[in-house]
Amino acid sequence: MLPSAYRLHREQDINRLYKRALVKGDGELVMYSAPNRLRQSRFVIVTPKKVGKAHDRNRLKRMLKASILLQLRQIVNGYDIVVHVKPQRLDKHRQEMDVQLRQLLQRSNLWTS
């Protein structure tokens with residue numbers, strides 16, 4: 001589970017991020033990112049109801065959070081990041097998600113090598 005310090009909780013922070021964020025997407029995942037004034041990056045996963053039933057959405061969120069947790073040391077600190085899941089994402093495996101998330105982070109210049 002992603003520690004609380006790395007999660008974006010407040011709705012006003014999420015709405016602010018949608019308004020002024022850099023947006024990168026690949027058709028299945030869309031990432032919104034903007035600098036924050038903290039020492040760590042914070043994340044939120046958004047899965048709309050079109051993705052599927054609650055257990056499907058929760059499964060995707062768990063897989064993405066696990067992927068973020070595994071890659072946390074390579075992610076640049078000081079950003080708020082929203083990962084928005086598109087409906088066709090349901091049948092993917094976690095390894096594919098790891099690669100896809102890493103590619104989005106690299107394209108957003110949020111990945112350290």
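Can you list the residues, at least 5 places off or on another chain, whose amide H is less than 5 Å from the amide H of V76, using H built in the peptide plane?
Those lying under 5 Å, H to H, from V76 are W111, T112.
State, as an integer percentage, the relative contact order of the chain based on alpha-carbon contacts under 8 Å between residues 6 or more apart. Mind dumping the intermediate values first?
Working: 179 pairs, mean separation 39.2, N = 113.
The normalised contact order for the chain reaches 35 percent.
Test of understanding: what is the full-extension gain from D13 to K86, defined as 0.36 nm times their sequence separation minus their Cα-Cα distance?
Working: separation 73, 0.36 × 73 = 26.28 nm, distance 2.14 nm.
So the extension gain works out to 24.1 nm.
Provide the three semi-axes, in whole Å and in decreasing order, of the ellipsoid equivalent to the chain as defined by the square roots of 5 times the Cα gyration tensor eigenvalues.
Values: eigenvalues 82, 49, 37 Å².
Semi-axes, largest first: 20, 16, 14 Å.
Among A66, N109, M97, whose Cα projects farthest towards the positive end of the dipole of the chain, with charges put on the beta-carbon of Lys, Arg (+1) and Asp, Glu (-1)?
Most positive-ward Cα: A66.
Exposure proxy check: D13, D80 ranked by fewest other beta carbons within 10 Å?
Details: D13 15, D80 20.
The fewest-first ordering by Cβ neighbours comes to D13, D80.
Kindly put S108, S67, S4 in sequence by how many other C-beta atoms sit within 10 Å of each C-beta, fewest to most.
S4, S108, S67
If you place +1 on the Cβ of every Lys and Arg, -1 on the Cβ of every Asp and Glu, and leave all else neutral, what size is the dipole of the chain about its Cα centre, to the nearest 20 Debye? Write out the running numbers ahead of the final one.
On the way: 24 positive and 9 negative charges, 57 e Å.
Approximately 280 debye in magnitude.
Order of T112, T47 from fewest to most other C-beta atoms within 10 Å?
Values: T112 11, T47 22.
So the ranking, lowest neighbour count to highest, is T112, T47.
Among DSSP beta bridges lying fully in the chain, give the percent that are antiparallel, nearest 5. If you can, show how the numbers build up before the last one.
Details: 12 of 18 bridges.
Counting only bridges with both partners in the chain, antiparallel ones make up about 65 percent.
Taking H as built 1.01 Å from N, whose amide H comes closer than 5 Å to the amide H of R7, not counting residues under 5 places away?
Answer set, sorted by chain and number: F43.
Report the one residue of F43, Q12, L29 whose Cα lies farthest in the direction of the positive end of the charge dipole of the chain (charges on C-beta: Lys and Arg +1, Asp and Glu -1; origin at the Cα centre).
Q12
Values quoted throughout were computed directly from the atomic coordinates according to the rules given, and no laboratory measurement underlies them. This is a predicted model, so every value here is computed, not measured. Methodologically, a virtual Cβ is constructed for each residue, glycine included, from the backbone with ideal geometry; neighbour enumeration extends over all protein chains shown.
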